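The values are calculated or read from the model by the stated rules, or taken from the named source; none is laboratory data. Here the structure is a predicted model, which means the values were calculated and not measured. We place every Cβ from the backbone using ideal geometry, glycine too, and count neighbours over all the protein chains shown.
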Amino acid sequence: MPMLDMPLSQLKEYQGINPRPVDFDTFWDESLAEMKAIDSQIEWIDADFKAPGVICQHLYFTGAGNVRIHANFARPEKISGKCPGIVWFHGYTGAAPSFLSLLPYAYAGFCIASLDVRGQGGESQDSSSEYGPTVYGHIVNGLHDPDPRKLFFRNVFLDAAQLAGIVMGMDEVDEKRVAAMGGSQGGALTLVCAALEPRIALAAPQYPWLCDYKRVWEMDQACNAYQGLKDYFRRFDPRHEREEEIFTKLGYIDVQYLAPRIRGKVYMGTGLMDNICPPSSQFAAFNRITSEKEVEIYPDFGHEWLPGFDEHVHQMLMKML
């Protein structure tokens, strides 16, 4: 079988090589405390999009850094008792899945919210005020700043958890039956959401991004969504004199180190020919999950549609009803 990465037997044992900051847990405990102290100032606005039997709304809330975050939201018009919920996260540079995409879940009986990641293709605001240049890509946004709280994805991770908490807090939603899902960046945020909001019952990520940065760089895969890593070193540390420091700082936003916080079931899909989010980087996170978990392997597939995976996720979600 052709291989892009290490053999599957090694992938299942791989533990990652990116350095972990010594104060990682304190960093995220304090960040969560900051998030929970935010006045979310939740606002609901009816959407122009209409569908019979479903209520479609724009959800706005105030996130970390005092910016307004947007999500699309849909729910059944008539609800008896409490519904299960879903939070859905999109891929890098994209925008929240559309109201049309939410309809099958709303018709099935779910309350579902899809997040616009700040600073990307949707309506959410971004008021980054970190020191230094961005170069290219959000991975390195804030890396120049001495304060790791200025890392762009730190606030995005908090947005994901905050949205889940808002959905769980709705009168119509059963907080014990809420799932998270998404692919690539959305896969990373799915795992992050389940880690920072451990009430998430099911996390269904596809080929999660933002894992084990040093492994990606050592594989010479710092391109596409990871291109910022290579550009940052070439411009600001061309001889890699600060390599350990830089990768350690990136460790604050490395999904593999949040993964042990997950308490819900995880069902992950990955292609072994993925040259955008290398399989070993994904397994670095998956192997650190201590809750119930399963991974579907697609040997000939890369960073693309994985046949049957979305249907399997849908069937798992149906069991939540």
* To do: Starting from the stretch 45-59, keep only residues that are within 11 Å of Leu103 (Cβ to Cβ), then list their pairs with residues that are of a type in the set (D, E, K, R) and surrounded by 15 or more Cβ atoms within 10 Å (Cβ to Cβ) whose Cβ atoms are within a distance under 9 Å, requiring at least 6 positions of separation or different chains.
  => Val54/Arg75; Cys56/Arg75
* Asked: Is one or more of the residues making up the stretch 11-33 surrounded by fewer than 16 Cβ atoms within 10 Å (Cβ to Cβ) and in contact with a Leu (Cβ under 9 Å, 6 or more places away or on another chain)?
  -> no
* Kindly provide the set of residues from the stretch 202-255 that are of a type in the set (Gly, Ala, Ser) and either over 17 Å from Leu4 (Cα atoms) or assigned to a helix (DSSP H, G or I) (or both), ordered by number. => Ala203, Ala204, Ala225, Gly228, Gly251
* Assuming Pro104 fulfils every condition listed in (1) part of a helix (DSSP H, G or I); (2) within 22 Å of Tyr252 (Cα to Cα) apart from one, which condition is it? -> (2)
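The rows are residues; the columns are (1) out of contact with any helix residue (DSSP H, G or I) (no Cβ under 9 Å at 6 or more places or on another chain); (2) under 21 Å from Arg68 (Cα atoms).
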| site | (1), (2) |
| --- | --- |
| Leu8 | no, no |
| Lys12 | no, no |
| Gln15 | no, no |
| Asp29 | yes, no |
| Ala33 | yes, yes |
| Asp39 | yes, yes |
| Ile42 | no, yes |
* Asked: How many of the residues making up the stretch 50-61 are assigned to a strand (DSSP E or B) and either over 26 Å from the mean Cα position of the chain (by Cα) or of a type outside the set (Ser, Thr, Tyr) (or both)?
  -> 8
* To do: Tell me, yes or no, whether the stretch 153-168 has at least one residue that is free of Cβ contacts under 8 Å to residues at least 60 places away in the same chain and among the aromatic types (Phe, Trp, Tyr).
  => no
* Asked: In the stretch 167-179, is there at least one residue being under 20 Å from Pro279 (Cβ atoms), touching a strand residue (DSSP E or B) at 6+ places or on another chain (Cβ under 8 Å) and either crowded, with 24+ Cβ neighbours inside 10 Å or modelled with pLDDT under 95 (or both)?
  -> no
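Looking at the stretch 7-20, is at least one residue farther than 21 Å from Phe73 by Cβ, small (Gly, Ala, Ser), assigned to a loop (DSSP other than H, G, I, E, B) and in contact (Cβ under 8 Å) with a residue 12 or more places away in the chain?
Yes, the stretch 7-20 contains at least one residue that is farther than 21 Å from Phe73 by Cβ, small (Gly, Ala, Ser), assigned to a loop (DSSP other than H, G, I, E, B) and in contact (Cβ under 8 Å) with a residue 12 or more places away in the chain.
Does the stretch 97-110 hold any residues that are among the hydrophobic types (A, V, I, L, M, F, W, C) and under 19 Å from the mean Cα position of the chain (by Cα), and which are they?
Answer for the stretch 97-110, where residues must be among the hydrophobic types (A, V, I, L, M, F, W, C) and under 19 Å from the mean Cα position of the chain (by Cα): just Leu102.
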* Asked: Among the residues of the stretch 62-72, is any of a type in the set (Val, Ile, Thr), touching a Phe, Trp or Tyr at 6+ places or on another chain (Cβ under 9 Å), at negative phi and not in a strand (DSSP E or B)?
  -> no
* To do: Scan the stretch 261-304 for residues that are in contact (Cβ under 8 Å) with a residue 40 or more places away in the chain, surrounded by fewer than 18 Cβ atoms within 10 Å (Cβ to Cβ) and not in a loop (DSSP other than H, G, I, E, B) and jot them down.
  => Ile297
* Structure fact -> In the stretch 217-253, anything under 13 Å from His144 (Cα atoms), basic (Lys, Arg) and at pLDDT 95 or above is listed as Arg242, Lys249
